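Here's the structure, in structure tokens; my notes come after.
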Amino acid sequence: MIEFKNVSKVYPNGTRGLNNVDLRVDDGEFVVVVGLSGAGKSTFLRSINRLHEITEGEILINGESITKAGGSELYRIRRDIGMIFQNFNLVRRSSVMRNVLSGRVGYHSTLRMIFGLFPKEDKELAMRALERVNMPEKAYMRADELSGGQQQRVSIARALAQEATQILADEPVASLDPMTTKQVMDDLARINKELNMTMIVNLHFIDVARKYATRIIGLKEGEVVFDGPVEEATDDVFSEIYGRPVNEDELMGEA
Amino acid sequence: MKQHGKTFIYTRRIIVVAAVLLVYIWAFAGLPLLELKETSGEIVSAIFSGLFQPDWGYVYDPGGEDLLRGLLDTLAIALLGTFIASVLCIPFSFMASKNIAKTKTMVGSSKFVLSFIRVFPDIVLALLFIKAVGPGAFAGVLALGIGAVGMLGKLISESVEGIDLSAREALIATGGNPVKTFMFAIVPQVLPNFFSFVLYRFEVNLRAATILGVIGAGGIGTPLIFALSVRDWGRVGIILLGIIVMVTLIDAISGKIRARLV
Ligand SMILES: Nc1ncnc2c1ncn2[C@@H]1O[C@H](COP(=O)(O)OP(=O)(O)OP(=O)(O)O)[C@@H](O)[C@H]1O
Ligand SMILES: [Mg+2]
């Protein structure tokens, strides 16, 4: 469960990234965040695990304040939140296995991690995570030998190995073609259903958002202008979020 | 316009050529006239006969100083010096990288330290350390250990500046502390280059270590300078042969390893 309590974020240069956001995301929801470029979607997502600091309000993860947490407490809370990036953010030179295992660093002592010693159970867990995204046979390849879609699924496996309860995904399919978009989104949907992991996903394409979301949050200039079940997010709602009628290029078409 | 550009290029070329010629003329004008002493010919032929009739007996001598021991000392000085440098250069490499260091002052001062060290030739550093810790292999080790930091730090920090930091964000998000994040997101990207530069520097240090003995900083250079001063050309010959074989061998091995690294 993720709770935003009157959260605002002002960037050092004065830009308002988030303005008085107050909402709650329950376990198992599949939330899609939409909005124009610059609306504050990334800011919203990155505030949750404190990759960005908020300037006002408080964010609670499973009842605990991540805003007030410091040091090892912060690391422990982050461990419960997996993150998926537009550009995958893998260590490209390392093997797929090692990338997936890197989701486990929060569970072990620093000394152990300096030597990269993962217990056998972690390796089995990482292998199962790779099986879940249908890539067990790629475990010992280098990450940069994989296609974009495959790399994104490795990063999903990393979040799975992390045994997170929530997954944040910032435009996870923006650099993928329609075919791989479907695979990656299907993976996320399956994980959401089978493991009851909460998903909060920033998406650009409205039709993809409608297909996978259970709930839509619309952002505009840092404010929540729509928040409701996907059934209520009509074309009119989208034109309001975007401040104009829906464009062709906001539809992926094939997915 | 085009015509204009061409004339400009030609004028510039002429100026450059003229400047280079002037420098050469100036340099050669300063040379004292070469004069051949009567003995010069004799010495040259003695050197060559020594080189072609090396003193094989010196290679291994169970009792005293011999070639193998000298070469081994040299190798040890180079190894230890390179090892010390490879450890010392690590903090500087990261502090001198714009993408890792927190402040510009840190980058600037680290870069300054690195280029300051690079200014000193190994021989000068060795002379300084001989004054500080006395003559012997230890002075040589220190000279190479400190001297190599300048070059290694510069090369490695340049390679650190070229790495992709996106994985660091991912590791922070998984709950990694700064050390874990560093080990997983940064180190794998730098390690191959790091080893390659260190090996290369080892090759350089090995050559330097053969010279260091000449000024009393340990290694094969010491017997070489003694043999030279007593005109024992056979011994000079065997020592030079030994150095050539060792350096070639190490270069070949190290080059093979480096080729596999990157
Ligand atoms: N580091 C920063 N410093 C200052 N302003 C920033 C910074 N990052 C983002 N902003 C501003 O905050 C606002 C929200 O940005 P954000 O990246 O959250 O938008 P977004 O909805 O993710 O956009 P996009 O769809 O282009 O990714 C924008 O006006 C942006 O210019
Ligand atoms: Mg964004």
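The values are calculated or read from the model by the stated rules, or taken from the named source; none is laboratory data. Fair warning: this is a prediction, and the values are worked out from it, not measured in the lab. Virtual Cβ from ideal backbone geometry, glycine too; neighbours counted across all protein chains shown. Keep in mind that these areas ignore ligands, DNA and RNA; they rest on the heavy atoms of the full protein, side chains included. Shrake-Rupley method; radii C 1.70, N 1.55, O 1.52, S 1.80 Å.
Taking springs between alpha-carbon atoms closer than 10 angstrom, which of B:Leu224, B:Leu191, B:Leu152 fluctuates most in the Gaussian network model of chain B? Largest GNM mean-square fluctuation: B:Leu191.
Checking the cross-link pairs A:Lys5/A:Lys68; A:Lys182/A:Lys220; A:Lys5/A:Lys220 against a 22 Å limit on the alpha carbon distance flags A:Lys182/A:Lys220 as lying beyond it. Taking A:Glu248, A:Glu194 and ordering them by how much accessible surface each has at a 1.4 Å probe, largest first, produces A:Glu248, A:Glu194. Inter-chain neighbour count for A:69-82: the average number of beta-carbon atoms from partner chains within 10 Å of each residue's beta-carbon is 2. Here the accessible area of chain A is 47 percent carbon and sulfur, with a 1.4 angstrom probe and all protein chains present. Using protein chains only (no ligands, no nucleic acids) and a 1.4 Å probe, work out which residues of the stretch B:158-177 have their accessible area cut by at least 30 Å² relative to the chain alone. Buried by 30 Å² or more upon assembly, which counts only protein chains, are B:Ser166, B:Ala167, B:Glu169, B:Ala170, B:Leu171, B:Ile172, B:Ala173, B:Thr174, B:Gly175, B:Asn177.
For a test of the definition: using alpha carbon positions, the gyration tensor, and the 1.5 limit on a/c, classify the protein assembly as shown as rounded, prolate or oblate. The shape class here is prolate.
Checking the a/c ratio against 1.5 first, then a/b against b/c, what shape does the Cα gyration tensor give for the stretch B:196-262? Cα axes put the stretch B:196-262 in the oblate bin. Residues of the stretch A:89-106 whose accessible area, computed with a 1.4 Å probe over protein heavy atoms, drops by at least 50 Å² once all protein chains are present relative to their chain alone are A:Asn89, A:Val91, A:Arg93, A:Val105. For the residues A:Leu146, A:Leu168, A:Leu45, a GNM of chain A with alpha-carbon springs under 10 Å puts the largest fluctuation on A:Leu146. Projecting the Cα atoms of B:Gln53, B:Thr222, B:Phe94 onto the charge dipole of chain B (Cβ charges, centred on the Cα centre) puts B:Phe94 farthest toward the positive pole. Checking understanding here: applying a Kyte-Doolittle mean of at least -1.0 and a length along the axis of at least 24 Å (C-alpha), which whole DSSP H helices in chain B pass? The answer, listed by residue number, is B:2-29, B:67-95, B:137-161, B:187-212, B:233-261.
Computed from point charges on the beta carbon alone (+1 for Lys and Arg, -1 for Asp and Glu), the dipole magnitude for the stretch A:98-179 about its Cα centre is near 340 Debye. Within the listed set A:Ala39, A:Ala69, A:Ala159, the Gaussian network model of chain A (springs between alpha-carbon atoms below 10 Å) gives the highest mean-square fluctuation for A:Ala69. Multiplying the residue separation of B:Val113 and B:Ile244 by 0.36 nm and subtracting their alpha-carbon distance yields 43.8 nm. For B:Ser45, the solvent-accessible surface with a 1.4 Å probe is about 70 Å², rounded to the nearest 10. Expressed to the nearest 5 percent, the antiparallel share of DSSP beta bridges inside the protein assembly as shown is 55 percent. The residue list A:Ser47, B:Met246, B:Val190 was ranked by how far each Cα lies along the charge dipole of the protein assembly as shown toward its positive end, using unit charges on Cβ atoms, and B:Met246 comes out on top.
Put simply, the convex hull of the Cα atoms in the stretch B:6-46 casts, on average, a shadow of 4.5 nm².
Seen from B:Gly57, the other residues with C-beta closer than 11 Å to its C-beta sum to a net charge of -2, counting Lys and Arg as +1 and Asp and Glu as -1. Computed over all pairs of different Cα atoms, the Kirkwood value for the hydrodynamic radius of the stretch B:56-261 is 18.6 Å. Note on A:112-118: average number of Cβ atoms from other chains within 10 Å of each residue's Cβ is 3. The loop-placed GluC sites (Glu not before Pro) in the stretch A:25-84, going by DSSP, that have at most 16 neighbouring Cβ atoms within 10 Å of their Cβ come out as A:Glu53.
Loop-located trypsin sites (Lys or Arg not before Pro) across the stretch B:9-75 with a Cβ neighbour count of 10 or fewer within 10 Å are B:Lys37, with loop assigned by DSSP. A Förster distance of 30 Å, applied to the separation of the beta-carbon atoms of A:Val246 and A:Asp27, puts the FRET efficiency at 0.45. At q = 0.13, 0.16 Å⁻¹, what log₁₀ I(q)/I(0) does a Debye calculation on the Cα points of chain A give, no solvent, two decimals? Per q value, in the given order, log10 I(q)/I(0) is -0.83, -1.21.
So in chain A, what percent of DSSP beta bridges are antiparallel if you round to the nearest 5? Roughly 55 percent of the DSSP beta bridges within chain A come out antiparallel. Expressed as a fraction of 2.2 N^0.38 Å, the C-alpha radius of gyration for the stretch A:89-163 is 1.00.
By the rule of a C-alpha distance below 25 Å, with chain neighbours fewer than 8 residues away ignored, the lysines paired with B:Lys111 are B:Lys98, B:Lys102, B:Lys154.
Working note: Karplus 6.51/-1.76/1.60 with θ = phi - 60° gives the stretch A:75-89 the couplings 4, 5, 5, 4, 4, 7, 10, x, 9, 10, 10, 4, 9, 6, 6 Hz, where Gly and Pro are set to x. Within the stretch A:65-145, the chymotrypsin sites (Phe, Trp or Tyr not before Pro) that combine a DSSP coil assignment with at most 15 other C-beta atoms in a 10 angstrom radius are A:Phe115, A:Tyr140.
Ordered by 1.4 Å accessible area with all protein chains kept, B:Ile15, B:Ile9 run largest first as B:Ile15, B:Ile9.
Count the net charge of all other residues whose Cβ sits under 14 Å from the Cβ of A:Ala164, scoring Lys and Arg as +1 and Asp and Glu as -1. Net of charged neighbours comes to +3.
Residues in the stretch A:199-212 carry Karplus couplings, in order, of 10, 10, 10, 7, 9, 9, 8, 5, 5, 5, 4, 5, 5, 9 Hz; the curve used is 6.51 cos²θ - 1.76 cosθ + 1.60 with θ = phi - 60°, and Gly or Pro positions show x.
Once you sort the root eigenvalues of the Cα gyration tensor of the stretch B:1-150 as a ≥ b ≥ c, which label holds: rounded (a/c under 1.5), prolate (a/b larger than b/c) or oblate (the other case)? Taking the square roots of the gyration eigenvalues as a ≥ b ≥ c, the stretch B:1-150 is oblate.
Rounded to the nearest 20 debye, the dipole magnitude of chain A is 1320 debye, with +1 charges on Lys and Arg beta carbons, -1 on Asp and Glu beta carbons, and the Cα centre as origin.
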